[in-house]
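The structure appears below as structure tokens.
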Amino acid sequence: MKSLKTLVIAAALSLGAVGAAHAQLPAEAPTAAAPANPAAAAAASDAAAPATTPAEASAPAGDATYVPMKPTQGVGQPVDAGVDFQPQVTPIGDQAYWFNHVILLPIITIISLLVLGLLLWVIFRYRAKANPVPSKTTHNTFIEIIWTAIPVLILALVAVPSIRLLAAQYEPPSKDALTIKVTGYQWYWGYAYPDQGIGEYVSKMLTKEQAEAAGEPHQLAVDNRMVVPVGRQVKLIVTGADVIHSFAVPAFWTKMDAVPGRANEVTFTANKVGVYYGQCSELCGVDHGYMPIAVEVLPVDRWEAWVRSKGGNPSGEEAAAPAAAAAPAPAAVTTTEAAPAAAPAAAPAATN
Ligand SMILES: [Cu+2]
């Protein structure tokens, strides 16, 4: 009797399992097809290079088509014999560039020329031969007021855009800013996207041969870049794991110290697609010069494809919601979403 009851329960369970599997199939098929084997899909698209246009256009194929972008010569990297700042691609960078070139440089140039002119005039006009009996004047109230008031006015004039720029750099991030945790190590960088469910991955400098093969500048090119969407504010939480490092990208006008035990915050909004390089900017040990930074700014859809290729969820909230609901729920639906997410997550981890 007991065995009959067990048999009935077993039959019911197996029927239920078959039913669940059937229910899962239609939901799983379209989503799992693309991300389940990104390597194979990438290989297929590589092989069929001329015929990739329709594949690139379709959104799901994007999951597997992330290919690191080639940098543009002279953009986001130093140039030979360059003296100016790198072309700026963030609003803060534009503001700072304007402040330097329209306000500071002209003032500095005029003051330098004025002082040089006065110096030359004094040297020639009042030299011992031309002026054998020097004046004994020690005070001139009018001149003293002038040479105090004019510098004060100049400093007050400079202070206005300067303080405005400083305040803009430390404005709190907007609510929909993309959060990236940046950790400086001796001697490489680690990036994590907590809201997208991308755990920390490591970014290391390419060797000279690897950089040349990739068509990138040596000592700036890295194996795994930080990838951000164009036009969206990015909030960096910067910290150090061992000693003080500094995360700096000149084209973004962004620099923030990475201090162990402290979470420093800095934001930037890159408004131009491209690859932008930076370097650790705090002397941090023997390989300080060999921990470059590479940030790739992509159109939103391609950034989302990159997130999926890393096993993350681009929309953020959805990634968090099922994960929180997964524990108590029966998980018939959530497993279909977790499966494609888990597969690509394993792939990059293996290649690293
Ligand atoms: Cu460093």
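The values are calculated or read from the model by the stated rules, or taken from the named source; none is laboratory data. Predicted, not measured: the structure shown is a model, and the values here were computed from it. Cβ placement follows ideal geometry from the backbone for every residue including glycine, while neighbour counts extend to all protein chains displayed. Each accessible area value is taken on the protein alone, full model and side chains, heavy atoms only, with ligands, DNA and RNA left out. Shrake-Rupley method; radii C 1.70, N 1.55, O 1.52, S 1.80 Å.
Straight-line cross-link partners of LYS208 among the lysines, defined as a Cα under 24 Å from its Cα and at least 8 positions apart when in the same chain: LYS70.
In the stretch 78-131, the portion of solvent-accessible area held by carbon and sulfur atoms comes to 74 percent [1.4 Å probe, whole percent, DNA, RNA and ligands not counted]. Compared with the direct C-alpha span, the chain from GLN186 to ALA214 gains 7.6 nm at full extension, assuming 0.36 nm per residue.
Sorting the segments 155-167, 129-141, 298-310 by their mean number of nearby beta carbons within 10 angstrom, highest to lowest, gives 298-310, 155-167, 129-141. In plain terms, the chain from GLN73 to VAL115 could stretch by 11.2 nm, reckoned as 0.36 nm per residue minus the Cα-Cα distance. Taking the 1.4 Å solvent-accessible surface of the stretch 211-323 as the whole, the part contributed by carbon and sulfur is 49%. As a rough guide to protection, the peptides 90-96, 271-277, 80-86 ranked by mean Cβ packing within 10 Å, highest first, stand as 271-277, 90-96, 80-86.
Take every pair of alpha-carbon atoms less than 8 Å apart whose residues are at least six positions apart; their mean separation over the length of the stretch 162-249 yields a relative contact order of 34 percent.
Please give the Cα centre distance for the stretch 194-265 versus the stretch 104-128, rounded to the nearest Å. Value for the Cα centre distance between the two parts: 45 Å. Computed from phi, the 3J(HN,Hα) profile of the stretch 297-302 under the Karplus parametrisation 6.51, -1.76, 1.60 (θ = phi - 60°) reads 9, 10, x, 3, 5, 6 Hz, with x in place of Gly and Pro.
The phi-based Karplus calculation (6.51 cos²θ - 1.76 cosθ + 1.60; θ = phi - 60°) puts the 3J(HN,Hα) values of the stretch 112-124 at 4, 5, 4, 5, 4, x, 4, 4, 5, 4, 5, 4, 8 Hz, whole numbers, x for Gly and Pro.
Of all lysines in the structure, those lying under 23 Å Cα to Cα from LYS255, and not within fewer than 8 positions of it along the same chain, are LYS175, LYS181, LYS204, LYS235, LYS272.
D by Stokes-Einstein for the stretch 228-317, Kirkwood Rh over Cα pairs, 25 °C, 0.890 mPa s: 173 µm²/s.
Length gained on full extension, ARG127 to ASN271: 46.1 nm, using 0.36 nm per residue less the C-alpha separation.
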